[in-house]
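The values are calculated or read from the model by the stated rules, or taken from the named source; none is laboratory data. Values in this document were obtained by computation on a predicted structure and should not be read as measured data. Ideal geometry is used to build each Cβ from the backbone, glycine not excepted, and the neighbour counts take in all protein chains shown. Just so you know, the surface numbers come from the protein's heavy atoms only, side chains and all, with ligands and any DNA or RNA stripped out. Shrake-Rupley method; radii C 1.70, N 1.55, O 1.52, S 1.80 Å.
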Amino acid sequence: KDSVLTMPTPRAPAAPLWRHPLARPLAALALLLAVAAVFVPGFLHLEIKDGHLYGSLVDILHRAAPLMLAALGMTLVIATRGIDVSVGAVVAIAGTVACVLVSSHGLAIAFAAALGAALLCGLWNGLLVSALGLQPIISTLILMVAGRGLAQLLTDGQIITVYEPASFFWLGAGHLLGLPVSLFVVALVAGLTALLMQRTALGLFIQTVGINPVAARLAGVRTAAIVFFVYVYCSLGAGLAGLMISSNIKSADANNAGLLLELDAILAVTLGGGQLSGGKFSLAGSLIGAPIIQTLTSTIYALGVTPQVTMVVK
C-alpha cells in the first residue's frame, strides 16, 4: 500500500511541436519569408543608418502595425461569435478627426478627439449588438457605410495634408531605440490585452460567451456587458490604427484610409487560429497573421507584379 501511494504519477507524453496552435501560422510566415529571400535580392539584409535599423523585415513589421492593432480587437470580437466590418471606417474617422484638429488645437486634443470618436463608434456598435440584439454583421455594416461617409463629409471629400506640428508624425514615422515607434505601440497594446485575458476572468468570460452564450448567461456571466466591451475595444484599436496611419502618411484620406482593413483583420485572426464559430482565439496567432499578409503584399510588390494580384491571392 505504501509503495503504491508513493509511486510517481506518470506524465502524459508531450505533444509534438507541429501540433502547437502557432505551428501552422509560423510555418506559413517562414515559407513566405523563404520565398521572398530567394526571389527578392537583399530581402533579409539589415543595416543601421543614423542609429536606426533599416531593412525589408523592419518595413514589413512597421507596415503591419496598424493591421496588428485592428486584429487584436477583431480577435476578441470573433471570439464572442461576432464580427466587425466597420473597422476600416473607424480608421478613416479617427485619422480624419486628428488631421482636422491637430494644426489648430494641438496634438493632445487631436489625439483625444480621434480616440473619442473611435470610442463613440464602439459604443454604437456595442449597443446595437448587445442591447438591441441586432446581428453583428448588420450592426457594423451600418457604420461601415455611414462612418466612411461621415469621414468624407468632414473633409469635403478632399485629402487633408498636415505640415505641423512635427510631433504628430512621431507615432507613425518616428523611431525609438533604433526601431519604429509603431512596434512599441503594438507591443504595449498587445501586452495590456494579454494581461486582461490571462490575469483576469475576462478572457474566460469571452471564451465562455463564444462557446455557448445561453449557458454562459444561465451561469451568471453578463454576456451583454462582455459583448459590449469587445466592440468598444475593437473600435479603440481601430482608432489607434487610424492615428498611426495618418501620422505616417501625414494626411487624412477619408476615401482610402483603412479601406478593406476589416477584411485583412478577419483574415489575420483566422490565419492565427481563431475560429469564426467563437470560443477559440489566439492573440499571438493574430499578431503572426498580420505579418503574413504584409509579407505577401511586400513580396508581390518587390517582384514587380501588379498590385491587383495581391487581392486575388488573399
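Scanning segment 162-179 turns up no residue that is free of Cβ contacts under 8 Å to residues at least 60 places away in the same chain and farther than 30 Å from Gly51 by Cα. In summary, Leu204 fulfils each of the numbered conditions (1) surrounded by 15 or more Cβ atoms within 10 Å (Cβ to Cβ); (2) part of a helix (DSSP H, G or I); (3) of a type outside the set (Val, Ile, Thr) with the single exception of condition (1). Within segment 282-302, identify whether any single residue is within 22 Å of Leu196 (Cβ to Cβ), more than 11 Å from the chain's Cα centre (by Cα) and aromatic (Phe, Trp, Tyr), and answer yes or no. There is no residue in segment 282-302 that is within 22 Å of Leu196 (Cβ to Cβ), more than 11 Å from the chain's Cα centre (by Cα) and aromatic (Phe, Trp, Tyr).
Out of Ala201, Ala219, Ala190, Ala215, one residue alone is at pLDDT 95 or above, out of contact with any strand residue (DSSP E or B) (no Cβ under 7 Å at 6 or more places or on another chain) and small (Gly, Ala, Ser). It is Ala190.
Against the conditions (1) modelled with pLDDT of 95 or more; (2) polar (S, T, N, Q); (3) open to solvent by 10 Å² or more (accessible area, probe 1.4 Å), Asn125 satisfies every one except (3). Of all residue pairs spaced 6 or more apart or on separate chains, those with beta-carbon atoms under 9 Å, a first member in segment 184-197 that is farther than 12 Å from Met68 by Cα and a second member that is surrounded by fewer than 17 Cβ atoms within 10 Å (Cβ to Cβ) and small (Gly, Ala, Ser) are Ala194/Ala284.
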